[in-house]
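The values are calculated or read from the model by the stated rules, or taken from the named source; none is laboratory data. Source: prediction; values computed, not measured. Glycine gets a Cβ as well: all are built from the backbone with ideal geometry, and neighbour counts include every protein chain shown. All accessible areas refer to the heavy atoms of the entire protein, side chains included, with ligands and DNA or RNA removed. Shrake-Rupley method; radii C 1.70, N 1.55, O 1.52, S 1.80 Å.
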Amino acid sequence: MGRPWTWQAASRRFRCLRWLNRTGCHGTKEGCADGDCGACTVALVDVSADGKRSYRAINSCLLPLGFLPGREVISVEHLADGETLHPVQQAMVDCHASQCGYCTPGFVMSLFAGCHEGELDDHTIEGNLCRCTGYLPIRRAMQRLRETGMGNDRLALAPQGAPLASAEMASRFFSPLFIDEALRLKQTHADATWIAGATDLGVEMSRGRHQEQTFIALDRIAELQQLAIDAEGVSIGAAVPLRRLEVELAESVPALVGMLQVFAARQVKNRATLGGNLGTASPIGDLLPVLLALDGEIRLTGPTGSRVVAAHEYFVDYRKTARQDDELVVAVRLPQRTQHSAAYKVSKRPSDDISIVAAAFTLVLDSKGYVQHVRLAYGGVAAVPLRALAVENFLLGRRLDAQTLTEAQQQLTQAFNPLSDHRGSADYRRDLCASLFARFVAEHLP
């Protein structure tokens, strides 16, 4: 006999996908269990303070079950009204957009969420993989939905369940509503792990790890969801989903948004957060070089108060940071002072893949074309994201002509000592450090 199935026991060990399958919802499929294929896509319903409902396509294979109390999730089984298919399902049938059918539920749910949010384009389905039908029929179904819409979708009128109070949502899974409450929980449960979007945790859980751990989820704390833009810069709450940043910061922080466009699929960006990237502090975290290049500041809050740490002082060693274990990443501040900035990612796939090298650059020239301010930041070249400080010092005060650019490129090939792995050799990574800067100069300087 196996362990009895209860909500409390399942909250730490189960992902949303497994719970759906356990309760008889077998339309939602498991493919990669990494959030890459989209077969497990469902729609998570958010309700704003004014009662407006929004629908976010997410990977159910990456969502721990403990996030769900008080929330509404729509899976493919809920779309049809008896024998009458939902308009999204009917469009897929009419356009012959399904063959083996394994991936079809995920495409349907991505299109369903895209219809509701008015975002029907190729990015809507970039996180869904089809191996047999081909994408042209699926795109034709999407085009039909753009033209006809979904009519009076009965699911948009479904009642929203009352949200639960904060504290322990399920056994050893806490969802506080306030920062102070989260800090108190951490003092009581010193071994607990902070989580926000939990996309990395979902991958670990799909491999049977982290089953008995205690978690403090931060995604219901309103203060961590704040996004403010003013004349001096941008303040980003640690739990703001990356998709929201991609939409709302397109003009304010183009370098950050440029990286987000190749960061991951929309399902992942609908859950992943900037605070999560800072918490894991992976040397190949694509957003971290952007923070270095833009002189980001990270606000931390702990039992003794708050402090601000500059991004270049935050990364200490491999997956080690200046944040103390009982401190919480609250927000990131990005100043508005850049003249030219951009970010780049080189990987074996344009998105949905770990980078070989990620780079972000900032450059300010005076009226005569001399370098006044420069930041050259890279990920994937060392145990932590790093700036090429020696090359920055070389460029300061110089005119960025062809000779200076050539010398800077030569220095960049020697600035780091990266490792070789199955994604790329050390020499290839060194060459990328130089060529990406040359591309930046060609694209952004006259």
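Scalar couplings 3J(HN,Hα) for region 288-302, obtained by applying the Karplus form with A = 6.51, B = -1.76, C = 1.60 to θ = phi - 60°, are 5, x, 5, 4, 5, 5, 9, 6, x, 10, 10, 8, 10, 10, x Hz; x denotes Gly and Pro. C25 exposes around 20 Å² of accessible area when a 1.4 Å probe is run over every protein chain in place.
Normalised Debye scattering of the chain at q = 0.11, 0.13 Å⁻¹ gives log10 I(q)/I(0) of -0.91, -1.21, counting only Cα atoms as equal scatterers and leaving out solvent.
Note on H422: accessible area is roughly 140 Å² with a 1.4 Å probe, heavy atoms of protein only.
When the accessible area of the chain is split by element with a 1.4 Å probe, what percent falls to carbon and sulfur?
Looking at the chain in its full context, I get 50 percent from C and S.
The separation of region 211-275 from region 96-137, counted between C-alpha centres, amounts to 24 Å.
Taking the chain as a Gaussian network, Cα atoms linked when under 10 Å apart, which of L291, L120, L400 shows the biggest mean-square fluctuation? For the chain, modelled as a Gaussian network with Cα springs under 10 Å, the answer is L400. Heavy-atom accessible area for Y370, with the other protein chains in place and a 1.4 Å probe, reaches approximately 80 Å².
Near the amide H of A39, within less than 5 Å, lie the amide hydrogens of G31, C32, L129, all on another chain or at least 5 residues away, with H placed in the peptide plane. Among the trypsin sites (Lys or Arg not before Pro) in region 359-426, those placed in a DSSP loop whose Cβ has at most 12 other Cβ atoms within 10 Å are K368. Averaging the Cα positions of each part gives two centres, and for region 432-446 and region 406-430 these lie 15 Å apart.
How much net charge surrounds Q410 when only other residues with a Cβ under 12 Å from its Cβ are counted (Lys, Arg +1; Asp, Glu -1)? That works out to -1. Past 25 Å, Cα to Cα, is the threshold; run K29/K186; K269/K348; K269/K345 against it and keep the listed order. Distance filter (> 25 Å) returns K29/K186. For region 196-231, the set of GluC sites (Glu not before Pro) satisfying both a DSSP loop assignment and a count of at most 11 other C-beta atoms within 10 Å is given as E212. In this structure the chain gives 44 Å² per residue of accessible area when probed at 1.4 Å with all protein chains present. Note down the net charge around P385, summing +1 for each Lys or Arg and -1 for each Asp or Glu among other residues with Cβ under 14 Å from its Cβ. My count for the surroundings of P385 gives +2.
When its C-alpha radius of gyration is set against 2.2 N^0.38 Å (N residues), region 16-156 gives a value of 0.98.
Of the three principal axes defined by the Cα atoms of region 163-313, the extents in descending order read 43, 37, 33 Å.
From largest accessible area down, sort K320, K186; use a 1.4 Å probe on the protein chains.
K320, K186
Using bins of 10 Å that start at zero, the share of Cα-Cα pairs per bin across region 274-359 amounts to 16, 47, 29, 7, 0, in whole %. Diagonalising the gyration tensor over the Cα atoms of region 300-423 and scaling each eigenvalue by 5 before taking the square root yields semi-axes of 29, 21, 14 Å, largest first.
Where Lys and Arg each count +1 and Asp and Glu each count -1, what net charge lies around Q339 among other residues with Cβ under 13 Å from its Cβ?
With Lys, Arg at +1 and Asp, Glu at -1, the neighbours total +1.
A cut-off of 5 Å between modelled amide H atoms, ignoring neighbours fewer than 5 places along the same chain, links A264 with D352.
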